[in-house]
1. Is there any pair with a first residue in the range 224-237 that is closer than 22 Å to residue 158 by Cβ and a second that is part of a loop (DSSP other than H, G, I, E, B) whose Cβ atoms are under 8 Å apart and which are 6 or more apart or on different chains, and what are they?
2. Looking at the range 10-21, which of its residues are surrounded by fewer than 20 Cβ atoms within 10 Å (Cβ to Cβ) and closer than 23 Å to residue 116 by Cα?
3. Among (1) assigned to a loop (DSSP other than H, G, I, E, B); (2) farther than 30 Å from residue 197 by Cα, there is one condition residue 84 misses while meeting the rest; what is its number?
4. If I filter the range 32-43 for residues that are assigned to a loop (DSSP other than H, G, I, E, B), in contact with a helix residue (DSSP H, G or I) (Cβ under 9 Å, 6 or more places away or on another chain) and either in contact (Cβ under 8 Å) with a residue 60 or more places away in the chain or within 17 Å of residue 120 (Cα to Cα) (or both), do I get at least one hit?
5. Counting only residues that are touching a strand residue (DSSP E or B) at 6+ places or on another chain (Cβ under 9 Å) and farther than 17 Å from residue 201 by Cβ, which one in the range 46-57 is surrounded by the fewest Cβ atoms within 10 Å (Cβ to Cβ)?
6. Quick one: which strands (runs of 3 or more DSSP E) lie wholly within the range 89-139 and hold at least 3 residues that are more than 11 Å from the chain's Cα centre (by Cα) and farther than 30 Å from residue 265 by Cβ?
7. Spot the failing condition for residue 67; the list is (1) in contact (Cβ under 8 Å) with a residue 40 or more places away in the chain; (2) more than 13 Å from the chain's Cα centre (by Cα); (3) surrounded by fewer than 17 Cβ atoms within 10 Å (Cβ to Cβ), and only one is missed.
8. Select, from 135, 176, 214, 202, the only residue that is buried (at least 19 other Cβ atoms within 10 Å of the Cβ), within 28 Å of residue 263 (Cα to Cα) and in contact (Cβ under 8 Å) with a residue 60 or more places away in the chain.
């Protein structure tokens, strides 16, 4: 897995891919270059059969400060006052967030530090999140006259409407403990235990059939947008198709025989 100066990638023998934002000088901001690196990383992870789970982490005191506002301001120096450039960046950012959701491999955010605006969106876009007690989350766009509209999409799909609106309308930061209460993160641990706790969660998931994980992740996000009746019809067909897979037959047989299953990921 090829790394860049902005993004460090490492794949271990159990199939856990660790992707680390590595631009501490810019507070790991989602510059155009960082977004392109992330898009490539998740495209590679989706296609690489050796990758079973992805951990998205960051180096430095800030997990991700959101968009690079200096870069965005520089983009205003055009006749259209930046409209074309802003559209390009927002489309690219939205594509990256969707690539996380659409990646067939489960993605876990490991958050140690501040995650604001599009950085909070990045955490919300991941399937799971583990945070240290030092983590803070916020959508502070209203402080600078810019409503966090794109972060809102991911945030509102993870926490209740009123919790999301409170964050969006006030711009206030919330603690890791509050983020766990609202459903933005799954678990909060001491900073010293963060990496180990995230890896333990990833290792547990990586031990499952990758076919089953991919089937379930895709179905989860698909049914969420459907009516109740349509969701049950869709999920029932997914279950039927899943039952006919080799790993489902093996898993059920192993359970009956009281032995460990031998996954073929098929």
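The values are calculated or read from the model by the stated rules, or taken from the named source; none is laboratory data. Treat the numbers as computed from the prediction; the structure is a model and nothing was measured. Backbone-built Cβ (ideal geometry, glycine too); neighbour counts: all protein chains shown.
1. 224/157; 234/226
2. The initial filter retains those residues of the range 10-21 that are surrounded by fewer than 20 Cβ atoms within 10 Å (Cβ to Cβ), namely 10-14, 20.
If the condition is that a residue be surrounded by fewer than 20 Cβ atoms within 10 Å (Cβ to Cβ) and closer than 23 Å to residue 116 by Cα, then 20 is the only one that fits.
3. (1)
4. Step one: list which residues in the range 32-43 are assigned to a loop (DSSP other than H, G, I, E, B), which gives none.
Scanning the range 32-43, I find no residue that is assigned to a loop (DSSP other than H, G, I, E, B), in contact with a helix residue (DSSP H, G or I) (Cβ under 9 Å, 6 or more places away or on another chain) and either in contact (Cβ under 8 Å) with a residue 60 or more places away in the chain or within 17 Å of residue 120 (Cα to Cα) (or both), so the answer is no.
5. To start, the set of residues in the range 46-57 that are touching a strand residue (DSSP E or B) at 6+ places or on another chain (Cβ under 9 Å) comprises 48, 50-57.
Now drop any that are not farther than 17 Å from residue 201 by Cβ, which leaves 48, 50.
Values: 48: 14, 50: 11.
Among residues in the range 46-57 that are touching a strand residue (DSSP E or B) at 6+ places or on another chain (Cβ under 9 Å) and farther than 17 Å from residue 201 by Cβ, the one surrounded by the fewest Cβ atoms within 10 Å (Cβ to Cβ) is 50.
6. Numbers: elements: 107-111, 114-116, 128-132, 136-138.
Per the criteria, 114-116, 136-138.
7. (3)
8. Working: 135 fails: within 28 Å of residue 263 (Cα to Cα); 176 fails: within 28 Å of residue 263 (Cα to Cα); 214 fails: buried (at least 19 other Cβ atoms within 10 Å of the Cβ).
So the residue among 135, 176, 214, 202 that is buried (at least 19 other Cβ atoms within 10 Å of the Cβ), within 28 Å of residue 263 (Cα to Cα) and in contact (Cβ under 8 Å) with a residue 60 or more places away in the chain is 202.
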